[in-house]
1. Please work out which residue is modelled with the lowest pLDDT, limiting yourself to region 6-15 and to residues that are at negative phi and open to solvent by 50 Å² or more (accessible area, probe 1.4 Å).
2. With part of a strand (DSSP E or B), modelled with pLDDT of 95 or more and polar (S, T, N, Q) as the only criterion, which of Ser98, Ser28 stands out?
3. Is one or more of the residues making up region 20-40 within 17 Å of Gly114 (Cα to Cα), open to solvent by less than 60 Å² (accessible area, probe 1.4 Å) and not polar (S, T, N, Q)?
4. Among residues belonging to region 41-53 that are of a type outside the set (A, V, I, L, M, F, W, C) and either without any contact (Cβ under 8 Å) to a residue 12 or more places away in the chain or assigned to a helix (DSSP H, G or I) (or both), point out the one that is least open to solvent (accessible area, probe 1.4 Å).
5. Restricting attention to region 101-113, which residues are more than 10 Å from Leu71 (Cβ to Cβ) and either open to solvent by less than 20 Å² (accessible area, probe 1.4 Å) or assigned to a helix (DSSP H, G or I) (or both)?
6. Would region 54-77 turn up any residue that is in a helix (DSSP H, G or I), farther than 14 Å from Tyr123 by Cβ, among the hydroxyl-bearing types (Ser, Thr, Tyr) and free of Cβ contacts under 8 Å to residues at least 60 places away in the same chain?
7. Kindly indicate whether any position in region 85-92 is closer than 27 Å to Ser12 by Cβ, at pLDDT 95 or above and surrounded by fewer than 17 Cβ atoms within 10 Å (Cβ to Cβ).
8. Against the conditions (1) more than 14 Å from the chain's Cα centre (by Cα); (2) at pLDDT 95 or above, where does Met20 fall short? Just the number, please.
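The values are calculated or read from the model by the stated rules, or taken from the named source; none is laboratory data. All figures in this text were calculated on a predicted structure; none of them were measured in a lab. Backbone-built Cβ (ideal geometry, glycine too); neighbour counts: all protein chains shown. The protein model used for the area step is the full one, side chains on, heavy atoms only, and it has no ligands, DNA or RNA in it. Shrake-Rupley method; radii C 1.70, N 1.55, O 1.52, S 1.80 Å.
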Amino acid sequence: MITEISDETLTSGSGHILVMDDEKFIRSLASEMLIKMGFETVSAKDEAEAIKMYRQAMQAEQPFDAVILDLTIPGGMGGQETMARLTEIDKHVKAIVSSGYSSDPVMSNYEEYGFIAAVTKPYVIKEMSDAMKKLK
């Protein structure tokens, strides 16, 4: 259940969120923001780790409520490709795309690529909060 925190107008919720980003600092920052809103988080440094963690959570019948996927992973599969793989595992996956490249078509037309929201880097807690509202 998601409600508003009146003093900061941030989303307050609960759930298990997977954050995929190749930069440790970004993973930590996203996790801190999500924890402040009441979510539990785990993080993955790349698509292989994210897919493995997602599959394990599904098999344990403790699926993630959402995933936040970095659009660009140097030398690896980015958010768009990872989303396609996660959809093969769970056709109901809820994913938020993340990037520092706001001009990328996936960021501006995220719904066309199967994402429920987009969050630009550097992260701003209000924008992260707005994205989490779309989990309803």
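1. Asp7
2. Being part of a strand (DSSP E or B), modelled with pLDDT of 95 or more and polar (S, T, N, Q) holds for just one of Ser98, Ser28, which is Ser98.
3. yes
4. Looking at the filtered set, the residue picked out is Glu47.
5. Pro105, Ser108, Glu111, Glu112 - these are the residues of region 101-113 that are more than 10 Å from Leu71 (Cβ to Cβ) and either open to solvent by less than 20 Å² (accessible area, probe 1.4 Å) or assigned to a helix (DSSP H, G or I) (or both).
6. Yes, that holds for at least one residue.
7. yes
8. The single condition Met20 does not satisfy is (1).
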